[in-house]
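Read the structure below first, then the notes.
The values are calculated or read from the model by the stated rules, or taken from the named source; none is laboratory data. A quick note: this is a predicted structure, and the numbers were derived from the prediction, not measured. All Cβ positions, even for glycine, are placed from backbone atoms using ideal geometry, and neighbour counts span all protein chains on display. Only protein heavy atoms, including side chains, enter the accessible area calculation; ligands, DNA and RNA are left aside. Shrake-Rupley method; radii C 1.70, N 1.55, O 1.52, S 1.80 Å.
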Amino acid sequence: MSNSTPSIFFGLLLHNHQPVGNFPWVFQQVYQEAYLPMLEALERHPKIRLSLHYTGSLLDWLEEVHPEFLERIAALAKRDQVEIVSGGYYEPILPSIPDDDKIAQIRRLTDRIQRDFGTTATGMWIAERVWEPGLPCFLRDAGIEWTILDDVHFKNVGLEDEDLYGYYATEDQSSVLKVYATSKSLRYTIPWRPVHETIENMRSLATADGTRILVMGDDGEKFGSWPETGPYCWGADGRSGWVEEFFTALEANSDWLHTIPLGEYASSHPALGRIYIPTSSYIEMTEWALPPQKSYTFGKLLHRLEDEKRYDILQFMRGGFWRNFLVRYAEINNQHKKMLRVHDAVYKAGATPETGAVHLWKAQANDTYWHGLFGGIYMGHVRSAIYHHLIKAENAADQAQFGKRHWQRYEFTDFDRDSQNELIVESNQQNLYIDPQRGGTLFEWDMRRSMHNLLCVMTRYRESYHQVLREYEQERRRHQTGMSTAAQAQIPEQSGTEPVSPHTTVRTKEANLDKYLVVDRHRRSSLIDHFLVPSISLDSFAQQRFDEQGNFVEQPYTAEVQQDERGLTITLTRDGQVKRPGAMSPVPVRLSKTLFLPLGEETCVVGYNITNKGQSRLQTRFASEWNIHLLGGGHNDQAYYHVEGHELDDMYFDSTGELPAVQNFSIGNRWLHQDIHFALSEAATLWRFSIETITGSEAGFERNHQGSCLTLVWPLVLEAGESWRGEIVCKGREI
C-alpha cells in the first residue's frame with residue numbers, strides 16, 4: 001500500500017481462555033462480563049477486523065451452554081471480519097509435553113475451528129508465550145504458518161521497538177515459521193489509558209509506504225472481567241464504554257489506520273528478516289520462575305529501570321527459565337511426571353479417545369504447571385481436575401491392557417527425575433507413590449474409582465509477592481495509625497478514573513493478610529514421622545513453630561516389597577535418633593512402617609513399630625502426619641470429618657481442632673463419592689487444621705484452602721529395648 005498520507009496497519013489478537021476444571025459459574029460470569037460484550041461490539045462495528053483465539057476448553061463449554069455464541073462468531077468469520085486462531089486444544093505449555101501431543105493438540109483445535117467456523121486456521125496462540133527454539137518444526141508439522149510472542153523475546157536478541165513493525169521468519173530444521181511481536185506498550189495502555197493516547201501513538205508511527213503493522217495480542221478477559229474493567233470497558237448500558245470509544249475511533253481513522261487479521265497480513269507482506277529467538281516467556285513469567293528472593297529483587301529492579309526509562313538496559317533483562325517451575329515446586333513436577341507416565345500408558349494402548357487420549361490432553365492444560373501473581377498451581381480445584389483427567393486416562397489405558405480383573409504391580413523407578421528411585425505401586429483400585437529417600441513418605445494416593453488424588457495438597461511456600469504484601473500491609477497500618485474507623489474506610493486503593501492494571505497495583509480481599517503467611521519446612525505429603533516434645537500444641541505445630549526431636553523427616557528409609565496372592569506388603573525402615581529434652585545424647589531409635597495393600601480393595605493398612613535401641617528411657621510424642629485434599633475449602637458442605645464418640649462443633653473438612661482418645665473417624669467428599677475410614681489400634685489425639693496459602697489473582701491477594709492436615713499423636717514412654725506398635729487401617733468406600 002502506498003499513498004501520500006502516512007498509514008499503518010493494526011493487528012489485534014484477543015486470546016480467550018478458561019482452565020480445564022474451572023468452576024462453571026466462572027465460565028458464565030466471564031462470558032457475561034467479557035466474551036459476549038466483545039462479540040456484540042464486533043457486530044456493531046463490522047469494519048473492525050481482528051484475530052480471535054478461543055481455547056478448546058472454552059469452546060467445549062460454549063458449545064454446551066451457549067451454542068448460539070459459536071454461530072455468531074461463525075457469521076463474523078464468514079463475512080471476513082475475524083480470523084480464528086488455533087493453538088494447543090487445552091492450552092498446554094508446548095515445550096513441556098511430548099512431541100506427539102504437541103502436534104495432536106494443535107490439529108485437534110484446527111479441526112474444531114474448521115468444523116465450527118468453516119475456516120482454516122493458519123496461525124496459533126502460544127500458551128503463556130513459553131518459547132523454545134525447537135518449536136518451529138512441530139508447529140509447521142501441525143499446519144501452522146505464524147504465531148505471536150512478546151516483544152521481550154525479540155529485544156533479548158538486540159532488536160528495538162522500531163524493528164518490530166512487522167513479522168520475522170524463524171526456523172528449526174528448515175521449517176520456516178512467521179513470528180510477530182506483541183507490543184508491551186500497547187498491552188499496558190489498552191484499555192488502561194484514554195483512547196486518544198493510543199490513536200495518537202499509532203499516528204506517530206505511520207509511514208508513507210504504509211507497510212508497517214502494530215501488533216497487540218492479549219487476554220480477552222481484561223476487557224470487562226478484570227477488576228473494575230466492566231463499567232469502564234462497556235459502560236452502564238454495555239455499549240458505551242472504552243471499547244466502544246476505541247472501535248469508533250478506529251473506524252473514524254480508517255483512512256490511515258487499517259485493522260487487519262494477522263494471518264492476512266502475513267500472507268500479503270514479506271518478513272522483515274530472519275530471527276532466532278532464545279528460550280523465553282513474557283517478562284513477568286520469567287520473573288516468577290526465579291527463586292523467591294531473586295524474583296523479588298528482579299521485580300524491584302525492573303520497576304526501577306522502568307521508572308528511570310532505562311530502556312537501553314531493560315531490553316537485556318532476562319529472568320528465569322519456565323522449566324525451573326519443575327524445580328521450585330515438587331507439586332508441579334509431580335503433576336508433570338505423572339502426565340508423562342500416563343502419556344506412555346495411553347500411547348502404548350493406541351492413543352485413541354477410547355484409551356484415554358482426550359483426558360491426557362485435558363491434563364496437559366497449562367494452568368497449574370506454573371505459578372505467578374495471576375494463578376497457577378495454588379488453584380486447588382483446577383489442580384484436582386488435572387489429576388482427575390490423568391487418572392481417567394490411566395483407567396482407560398489400563399482397561400485396554402488388563403480388562404476388568406483385579407491386578408497389582410510395583411516398580412522402583414526414578415519417577416521425579418532426580419537420579420533416585422521412588423516406589424510406584426499401581427492397581428485397578430488405587431495407586432500409591434512412595435519416596436523412600438524423603439522420609440518414606442506417601443506423596444500420591446490415587447483412588448481409581450473416584451478418579452481423585454487424595455494427596456494433591458499444596459505446600460505453603462515462600463513467594464516473592466509475600467514481601468510485596470508485607471510492605472503494603474505495613475504501610476497501610478502506618479497510614480491508618482491514629483485514624484478513626486470512619487476515616488480509614490474512606491482511604492481509596494487507587495486514584496484516577498481509569499482502572500489500574502493488576503501488574504502495577506496491590507489489592508487485598510481482607511486486611512492483615514500478612515499475619516497468615518506461613519512457610520512449611522517440608523512438602524505436605526503423608527506418612528511423615530515426627531517425634532515431638534510432650535508440651536507441643538496444635539497451634540505451634542500448624543504454624544511450624546516447633547523443634548523436631550527426631551531425624552526421620554525428609555531422611556532416607558530402606559524399602560522392601562513382598563507380593564503374594566493376598567496383595568503387596570511394603571516395609572520402610574530407618575535407624576535414627578530422638579533427642580531427649582535436657583539430655584546430652586540422643587536415643588537411637590529404629591522406626592519401621594509397613595503398608596499392606598490388599599488385592600482388589602481400596603484399603604491401605606499402615607503398621608508402625610518403634611523400638612528404643614538405646615540404654616536409657618525414651619519419653620516423647622510420636623506423630624503420624626497426613627495431608628489430604630478433598631476440595632474442602634470455603635466450608636464446602638460436601639467435604640467432612642466424622643469422628644466416632646465425638647460431637648464436632650465444626651465438621652467441615654477445612655475446620656481446625658484437637659480431639660483426644662480418637663480410635664475411629666472418617667473423612668470424605670460426597671460430590672467425589674469418596675469416603676476414607678481410619679481405624680486405629682491405639683487411640684490417639686487427632687489434630688486437624690486447614691492448610692491455607694496467601695496467593696494473588698487479578699482481583700487481589702486472598703487466602704486459599706490447599707488441603708487439610710490431620711495428625712495422629714501418641715505419647716510414648718519406652719525403656720531400653722522396648723517397642724511400641726500401632727496400626728492404622730484406611731478403607732475407602734463409595735458414598
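If amide H atoms are built 1.01 Å from N in the plane of the peptide, which residues on other chains or at least 5 residues away come under 5 Å of the amide H of S280?
W131
Any idea what angle helix 195-205 forms with the longest principal axis of the chain, computed on alpha-carbon atoms, 0 to 90 degrees, nearest 10?
The angle comes out at about 70 degrees.
Name the residue farthest towards the positive end of the dipole of the chain from the options G210, I48, Y387, assuming +1 on Cβ of Lys and Arg, -1 on Cβ of Asp and Glu, about the Cα centre.
The Cα lying farthest towards the positive end belongs to Y387.
Can you give me the pair-distance distribution of the stretch 1-136, C-alpha pairs, 10 Å bins, whole percents?
Computed distribution, short to long bins: 11, 40, 33, 13, 3, 0.
Which ³J(HN,Hα) values, rounded to whole Hz and listed in residue order, are derived for the stretch 355-362 from phi using the Karplus coefficients 6.51, -1.76 and 1.60 in 6.51 cos²θ - 1.76 cosθ + 1.60 with θ = phi - 60°, glycine and proline given as x?
Each residue's phi maps through the Karplus curve to give 9, x, 4, 5, 5, 4, 5, 4 Hz.
For the chain, what is the calculated [θ] at 222 nm in deg cm²/dmol (nearest 500), taking -39500 (n - 2.57) for each run of four or more DSSP H residues and dividing by its residue count?
Taking each H run of at least 4 residues, the total per residue is -8500 deg cm²/dmol.
In terms of the ratio Rg/(2.2 N^0.38 Å) built on C-alpha atoms, what value belongs to the stretch 29-95?
That works out to 1.14 for the stretch 29-95.
Between N421 and E228, take the C-beta separation as r, use R0 = 41 Å, and let me know the FRET efficiency to the nearest 0.05.
Computed FRET efficiency for N421 and E228 comes out at 0.20.
Just want to confirm a number: the relative contact order over the stretch 283-338, from Cα pairs under 8 angstrom separated by 6+ residues, in percent.
Computed over the stretch 283-338, the figure is 41 percent.
Give the lysines whose C-alpha is closer than 16 Å to that of K404, dropping any in the same chain fewer than 8 places away, or say none.
Here the lysines satisfying the reach criterion relative to K404 are K392.
Given the options L58, A623, V130, identify the residue whose Cα lies farthest towards the positive end of the charge dipole of the chain (+1 on Cβ of Lys, Arg; -1 on Cβ of Asp, Glu).
Result: A623.
Rounded, prolate or oblate for the stretch 370-430? Axes are the square roots of the Cα gyration tensor eigenvalues, ordered a ≥ b ≥ c, and the cut-off for rounded is a/c under 1.5.
Oblate is the answer for the stretch 370-430, as a/c is 1.5 or above yet b/c matches or exceeds a/b.
Run the dipole for the chain about the Cα centre, Lys and Arg Cβ at +1, Asp and Glu Cβ at -1, nothing else charged, and hand back the magnitude in debye, nearest 20.
I would put it at about 1300 debye.
Calculate, for A75 and D637, the FRET efficiency according to 1/(1 + (r/R0)^6) with r their C-beta to C-beta distance and R0 60 Å; round to the nearest 0.05.
The computed FRET efficiency comes out at 0.85.
Determine the per residue accessible area of the chain with all protein chains present and a 1.4 angstrom probe, expressed in square angstrom.
Spelled out: the 1.4 Å probe surface of the chain, per residue, equals 39 Å².
Let's see if you can work this out: charge +1 on each Lys and Arg Cβ, -1 on each Asp and Glu Cβ, no other charges. What is the dipole magnitude of the stretch 327-438 about its Cα centre, in debye to the nearest 20?
Here the stretch 327-438 has a charge dipole of around 220 debye.
For the stretch 60-200, rounded, prolate or oblate, judged on the Cα gyration tensor with a ≥ b ≥ c (square roots of eigenvalues), a/c < 1.5 rounded, else prolate if a/b > b/c?
Because a/c hits 1.5 or more and a/b fails to exceed b/c, the stretch 60-200 counts as oblate.
So which lysines pass the test for K47, namely a Cα distance under 24 Å, with those fewer than 8 places away in the same chain ruled out?
Leaving aside lysines fewer than 8 places away in the same chain, those within reach of K47 are K78, K222.
Would you calculate the separation in nanometres between label points at Q544 and E644, each defined as 7 Å from the Cα along the Cα-to-beta-carbon direction?
3.6
Would you work out which of S464, L716, L290 lies farthest towards the positive end of the dipole of the chain, given +1 charges on the beta-carbon of Lys and Arg and -1 on that of Asp and Glu, about the Cα centre?
L716
For the stretch 283-370, what number results from the quotient of the Cα radius of gyration and 2.2 N^0.38 Å?
1.53
Over the chain, calculate the relative contact order: mean separation of alpha carbon pairs under 8 Å at least 6 apart, over the residue count, as a percent.
Normalised by residue count, the contact order of the chain is 11 percent.
Please report the antiparallel percentage of DSSP beta bridges with both residues in the stretch 137-238, rounded to the nearest 5.
Rounded to the nearest five, the antiparallel share is 55 percent.
Calculate how steeply helix 464-480 sits against the longest principal axis of the alpha-carbon atoms of the chain, using the helix alpha-carbon long axis, and give the answer as 0 to 90 degrees to the nearest 10.
80
Only Lys, Arg, Asp and Glu count, each charged at its Cβ (+1, +1, -1, -1), so figure out the dipole size of the stretch 46-93 about its Cα centre, rounded to 20 debye.
Here the stretch 46-93 has a charge dipole of around 380 debye.
How many angstrom separate the Cα center of the stretch 632-692 from the Cα center of the stretch 377-452?
Going from one Cα centre to the other spans 24 Å.
May I ask for the angle, rounded to the nearest 10°, between helix 380-402 and the longest principal axis of the chain, with both axes built from Cα atoms and the value confined to 0 to 90°?
70
By how many nm would the segment from K509 to R115 grow when fully extended, if each residue of separation counts as 0.36 nm and the alpha-carbon distance is taken off?
Stretched out fully, the K509 to R115 stretch lengthens by 137.6 nm.
Suppose R0 equals 51 Å. What FRET efficiency, 1/(1 + (r/R0)^6) with r the Cβ-Cβ distance, do A583 and E475 give to the nearest 0.05?
It comes to 0.60.
Could you list the GluC sites (Glu not before Pro) in the stretch 643-735 that lie in coil according to DSSP, counting only those with at most 14 other Cβ atoms within 10 Å of their Cβ?
For GluC sites (Glu not before Pro) across the stretch 643-735 that sit outside H, G, I, E and B with at most 14 neighbouring Cβ atoms in 10 Å, the list reads E644, E647, E719, E722, E734.
So which aspartates and glutamates pass the test for K515, namely a Cα distance under 17 Å, with those fewer than 8 places away in the same chain ruled out?
Within the straight-line limit of under 17 Å, K515 reaches these aspartates and glutamates: E463, E471, E473, E475, D539, E692, E702.
Residues of the stretch 41-74 with the amide nitrogen closer than 14 Å to a label point 7 Å from the Cα of E251, along Cα-to-Cβ, please.
41-49
Show me, for the stretch 635-647, the HN-Hα J-couplings you get by feeding each phi into the Karplus relation (A = 6.51, B = -1.76, C = 1.60, θ = phi - 60°), rounded to Hz, glycine and proline as x.
6, 4, 6, 8, 10, 8, 10, 10, 10, 5, x, 9, 9
Using amide H atoms built in the peptide plane, which far-off residues or other-chain residues are under 5 Å from L455 H to H?
Distant-sequence amide H within range of L455: W445, H629.
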